[in-house]
1. Go through region 146-174 residue by residue and tally those that are part of a loop (DSSP other than H, G, I, E, B), touching a residue at least 40 places away in the same chain (Cβ under 8 Å) and closer than 25 Å to Phe114 by Cβ.
2. So, in region 353-365, of the ones that are closer than 17 Å to Ala396 by Cα and of a type outside the set (Ser, Thr, Tyr), which residue ends up most open to solvent (accessible area, probe 1.4 Å)?
3. Give the residues of region 394-410 that are surrounded by 14 or more Cβ atoms within 10 Å (Cβ to Cβ) and farther than 11 Å from Ser51 by Cβ, sorted by residue number.
4. State yes or no: is Glu266 in a loop (DSSP other than H, G, I, E, B), free of Cβ contacts under 8 Å to residues at least 60 places away in the same chain and either open to solvent by less than 40 Å² (accessible area, probe 1.4 Å) or out of contact with any strand residue (DSSP E or B) (no Cβ under 9 Å at 6 or more places or on another chain) (or both)?
5. For region 201-223, enumerate the residues that are assigned to a strand (DSSP E or B), closer than 17 Å to Trp265 by Cα and open to solvent by 20 Å² or more (accessible area, probe 1.4 Å).
6. So is Arg269 modelled with pLDDT of 95 or more and charged (D, E, K, R) or not?
7. Output the residue which, of all residues in region 90-115 that are under 18 Å from Leu49 (Cβ atoms) and aromatic (Phe, Trp, Tyr), is most open to solvent (accessible area, probe 1.4 Å).
8. Step by step: first the residues of region 323-343, then only those that are in contact (Cβ under 8 Å) with a residue 24 or more places away in the chain and open to solvent by 40 Å² or more (accessible area, probe 1.4 Å), then the one that is nearest to Gly261 (Cα to Cα). Which residue is that?
Amino acid sequence: MKGIYRGVHPLVLFGMLVFPLRVIAEENVSSFISDSHLKLTLKNVWMYLDSERDDNIGTQSAWAQGLHLDYASGYYHDALGFDASWYGVMKLYANKYFYGRNMLRDNNGQAEGFNKLGQYYAKARWENNRGYLHLYGGWKQLYKFGVISVTRSRAAPSSWQGVSAEAGLDSWRVRGALVNRFSDRNGPDLLRPTSLVRHQGIPYIITGDLRWQTAKGKALRYAVGESKDYLLRQTLDGNWQWSLSGQRQASLQAGAYHNRGLKRWEGVRYFTREAFHYYALLGYQLGQAGVGIGWSSTRASLEHGLGQFYWHMGSHTRGFVTSPVDGVAQKYNHDGEKMWYAYADYRFTPSLKAGLYGNYGSHTRYRSVALNEYEFGAYTSWKSEQIRGLSMFLGAGPSFTWKQDRAKKPKLTADGKNFYRANGFGSALRFEYQIPLF
């Protein structure tokens, strides 16, 4: 148990141990107990990637079974409570390069399952007809929160340690968080964020966002976050939907990102000092059919290399990305790169949906050589109408980019006039079954 509690603030741990005992000792605990919930989730995930991009990395394949137990208490005196989640992951299959799929624990090259207490936090709330205030302290999934997030597509999700708050009034919502440790999706370790090159500890990440939403599908959000003295990020994004005549509907999503390296930023990976990314996505829905087209542009200058826009806030962190540039097989975020994205989907029944997608990136140059990359594929998602909580996702498709050397730079031909093409194929299959226990 020592490893589980390493890095938890003593006051948070003390409160989580003492508070439930105090509640049990009280007479009026009906809402605290009656409003409690326990949910079991079974999650089976298989992922595969065959890529020629890195000569020293072969086909990556992993298959895992996840088991989640999520407990949420009611609120004592409608104000105080606590939640906890336990995650277990069992290895079903893993090949030599399994670690590239970020699903199983890497123990000196051997794939292993793991378990961890992924969430345990105290919570408090105040609410009335117009507004609310929620407070949290401990280990928690901060999903799409400010400039950070967690991953939920693997056998186990990731989580953050820290304190967070959310307040709302009418059409406005403001959130803020201070975090100092991260537990990733592929292991039980509680890791402190570090710099990318020297691997020096980052004391904390502070982030928050302000959102204005007039109705469902109509919102504007500003977010800002800083890895202490290392990296500053600001984002402005929004989405808007219009109901047209008949069963037609249009939507627009757009956003802008800005990265600035601070005094401890090394400036030798991703970008030297500043980076910018912009995107827009226009969608059209007619009944059960939908189509859309998107665009993005990146500026991320890097001395002595090909720059990229960096999505995270340091090693052992997870950033929040809304742009379609974050593709299935590749990330179209290189310096000078312009990307076009298109999709089409159709809902055959209320439970079955299928679609096609494609990304194409160009205008990137490395040593005067023009680079391009692209991918396309198909996917289907299904939610059972007969068995509540049962769902499935399947996606697959090829990708085409450039080979890169051990320094992650594009590999050019001997005459320096072209690049070596890297072909790839990826697929993923997920089954999930959520079972409310009480």
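The values are calculated or read from the model by the stated rules, or taken from the named source; none is laboratory data. Given the structure is predicted, the values throughout are model-derived calculations rather than measurements. Positions of Cβ are generated from backbone atoms using ideal geometry, with glycine treated the same way; all protein chains shown enter the neighbour counts. Only protein heavy atoms, including side chains, enter the accessible area calculation; ligands, DNA and RNA are left aside. Shrake-Rupley method; radii C 1.70, N 1.55, O 1.52, S 1.80 Å.
1. Keep residues of region 146-174 that are part of a loop (DSSP other than H, G, I, E, B), which gives 146-147, 149-158, 170-171.
Adding the requirement that they be touching a residue at least 40 places away in the same chain (Cβ under 8 Å) leaves 146-147, 149-151, 153-158, 170-171.
Okay, now just the ones that are also closer than 25 Å to Phe114 by Cβ, so 149-151, 153-158.
Residues meeting the conditions: 9.
2. Our first condition is that a residue be closer than 17 Å to Ala396 by Cα; within region 353-365, this holds for 353-360.
In the following step, the residues that additionally are of a type outside the set (Ser, Thr, Tyr) were identified as 353-356, 358-359.
On the way: Lys353: 55, Ala354: 31, Gly355: 8, Leu356: 104, Gly358: 19, Asn359: 9 Å².
Step by step, filter region 353-365, then rank; the result is Leu356.
3. Result: Leu394, Gly395, Ala396, Gly397, Trp402, Lys409, Pro410.
4. Taking the combined requirement at face value, the residue does not satisfy it.
5. Gly201, Ile206
6. For Arg269, the condition - modelled with pLDDT of 95 or more and charged (D, E, K, R) - is not met.
7. The extreme case among them is Tyr93.
8. Among those residues, the one meeting the criterion is Asp335.
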